[in-house]
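Here, each number is a calculation from the coordinates, and none is a lab measurement. Worth saying up front: this structure is predicted, and the values here are computed from it rather than measured. Positions of Cβ are backbone-derived with ideal geometry, glycine not excepted, and every protein chain shown enters the neighbour counts.
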Amino acid sequence: MVEPAKKKSLLTRLRTRYFFIIRKEDTFEERFSLRISPIALFTITGGAIVLLILLVIWAVAFTPLREYIPGYADVNMRKNLIALSLKTDSLNNELIARQQYIENIRRILSGEAPKHDTLAQKNHTDTTKHTTTFVPPSHDDSMLRHSVEAQNPYNVSVSLNKNQDKSSGNSTISDYFFFTPLKGYVSNGFNPSAGHYGIDIVSKENEAIKATLDGTVIVSTWTLATGNVIILQHNNNLVSVYEHNSVLLKKEGDYVKAGDVIAIVGNTGELTTGPHLHFELWYKGNPVNPQEYMKF
């Protein structure tokens, strides 16, 4: 019987209303008064605390204030880091590809086989998979062939064989008609003993540089020594080099015809003293004098 009385007394005291009065010290004049019970005071205080906590959580979750809290990173910074990481990976791949291009050019100019030649590997694989067995002609068939060829002096097969020999790489450099890449004055001639493997052609500014033969652009880049340089690969292990250009008009992989404009005369790179074209011609890994095959 005692505990219910105590509980009733505590509940009654919590529900009992009290006056909260603020008076002036010297005159005891009433300034503010509030009639409130303890349970109402606890309820109002608890609700205010809960509301304050909710406001803090909202501010941290949906406003930039969370950046000032230790452990939270800037969202834009994370996006920028991801973008920079992707760009770095792309630049690394591009650098590896350019290094492979330069290594292949070096090997071509030195007469070696290029590395990473996937087309050659594919062709090698195809030839190993598909082999053809040729049956030698009979004696009667051979005699008939010789008889027909002897009767026809204008045999079409002879001219076809010559064309096949030229296209297959059996022709010499003298069999080609070279297009002059730039008309001008040759200021420095071909001198391999001095390390000058081409000729320097001085011409007017903004003159167009043309491809000397049909071919494919295998290098179109900038180097510290030669500036803007473009290199073409032609048939029969012929390579032409064009250095110190101001502008490159073709990119790697482009196929060009003889006489197509590929660059503009310039003065780029450390190994130059004025606007000119340094032109090199390589045949089967050896430099040749361009002035022996074309007029400038």
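Structure values in brief
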item	result
Pairwise label distance in nanometres, Ser90 with Asn76, each label 7 Å out on the Cα-Cβ vector	2.1 nm
Two-site label geometry, Lys183 and Thr43: point separation in nm, points 7 Å out along Cα→Cβ	10.4 nm
Mean separation of Cα contacts under 8 Å, 6 or more apart, over the residue count of segment 9-62: relative contact order %	28 percent
In nm, spacing of pseudo-spin labels at Leu14 and Val247 (7 Å Cα→C-beta vector)	8.8 nm
Residue list for segment 270-296, given a label point 7 angstrom along the Cα-to-Cβ vector of Asn237 and an amide N cut-off under 15 Å	282-288
Space enclosed by the convex hull of the alpha-carbon atoms of segment 191-233, per residue, Å³	116 Å³
Filtered trypsin sites (Lys or Arg not before Pro), segment 233-278: DSSP coil and at most 16 other beta carbons within 10 Å	Lys251, Lys257
Percentage relative contact order, segment 185-292, counting C-alpha pairs under 8 Å, at least six apart	31 percent
Paramagnetic reach from Leu271 in segment 200-244 [backbone N under 13 Å; point 7 Å along Cα→Cβ]	200, 223-230, 241-244
Sparse-neighbourhood loop sites, GluC sites (Glu not before Pro) in segment 216-282 - DSSP loop, at most 12 other Cβ within 10 angstrom	Glu270
Calculated Rg and Dmax of segment 177-296 using C-alpha coordinates, Å	12.7, 34
